[in-house]
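Please read the structure below before turning to the comments.
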Amino acid sequence: MTSAERAALADAIGAAILDATPRGDELALVARTAEAETAVRQLLQQSVAAARAGGHSWAAIGERLGLSRQAVQQRFGERPDTDALPDEQRWLGPVTAFDEMGELEIAGRLGWHTVQVGMLRHLVVRTPTQWEHKRVVWTGSLKRYENDGWVVGARAFPWIYLVRDTGLPAES
């Protein structure tokens, strides 16, 4: 990426943050910028996971990031789940982009909905009602979906996973 491309990207991110922040509210600007930083960190984690899944070595990823192979592996390597999940949560997977929506449809009928996405898996939470899932490309405003009752369940670049409570009792 050239310095001009980096500057254009920074300008676009800055404009998006400013557009989402009330004018003159510096503390809200700080909060939005912190949220953007968290989102960018998550995007980087997900893009590294996608590169690894695509067969790229830690050394090749490190070269792109200006880090050593070991530094990249320590920073982005898969971390085992250290805490047992409560009964109302579980990991759904392994799933791929080809079969995950079918699996989420089944899980949704049973009352489970996505709250987080990991490498080849979804963290789902159980409720007493059925859920619908939708995967869309991350392109900007979600207003058209929000107007139809969809909310963001999880983000995993380049996807956004939307969920919507149907209000119907979960199947047994």
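The values are calculated or read from the model by the stated rules, or taken from the named source; none is laboratory data. Computed from a predicted structure; not experimentally measured. FYI the Cβ positions are ideal-geometry reconstructions off the backbone, even for glycines, and counts take in every protein chain you see. These accessible areas exclude ligands, DNA and RNA; they are computed on the full protein's heavy atoms, side chains included. Shrake-Rupley method; radii C 1.70, N 1.55, O 1.52, S 1.80 Å.
Annotations for the structure displayed:
- FRET efficiency for the pair PHE98 and LEU27, taken as 1/(1 + (r/R0)^6) with r the Cβ-Cβ distance and R0 = 35 Å, rounds to 0.20.
- Evaluated with a Cβ-only charge set (Lys, Arg +1; Asp, Glu -1), the chain carries a dipole of roughly 420 debye about its Cα centre, given to the nearest 20.
- Between the beta carbons of LEU168 and ASP148, assuming R0 = 25 Å, the FRET efficiency works out to 0.90 to the nearest 0.05.
- Each residue of the stretch 52-62 was assigned a 3J(HN,Hα) from its phi angle through the Karplus expression (A = 6.51, B = -1.76, C = 1.60, θ = phi - 60°), giving 5, 5, x, x, 7, 7, 4, 5, 5, 5, x Hz with x at Gly and Pro.
- Heavy atoms of the protein chains alone define the surface here; on that basis the stretch 27-172 has 63 Å² accessible area per residue at 1.4 Å probe size.
- Calculated from the alpha-carbon coordinates, the stretch 14-172 shows an Rg and a Dmax of 18.0, 52 Å respectively.
- Applying the criteria of a DSSP loop state and at most 14 other Cβ atoms within 10 Å to the chymotrypsin sites (Phe, Trp or Tyr not before Pro) of the stretch 68-153 yields PHE98, TRP138.
- Normalised contact order of the chain, rounded percent, pairs of Cα under 8 Å and 6 or more residues apart: 15
- Between the amide H of ARG90 and those of VAL124, distances stay under 5 Å, these residues lying 5 or more places away or on another chain, with hydrogens modeled in the peptide plane.
- Alpha-carbon centroids, the stretch 8-46 and the stretch 116-156: separation in whole Å: 21
- Length gained when the stretch ARG64-LEU110 is fully extended (0.36 nm per residue, less Cα-Cα span): 12.3 nm
- Ligands, DNA and RNA excluded, the heavy atoms of SER68 present near 60 Å² of accessible surface to a 1.4 Å solvent probe.
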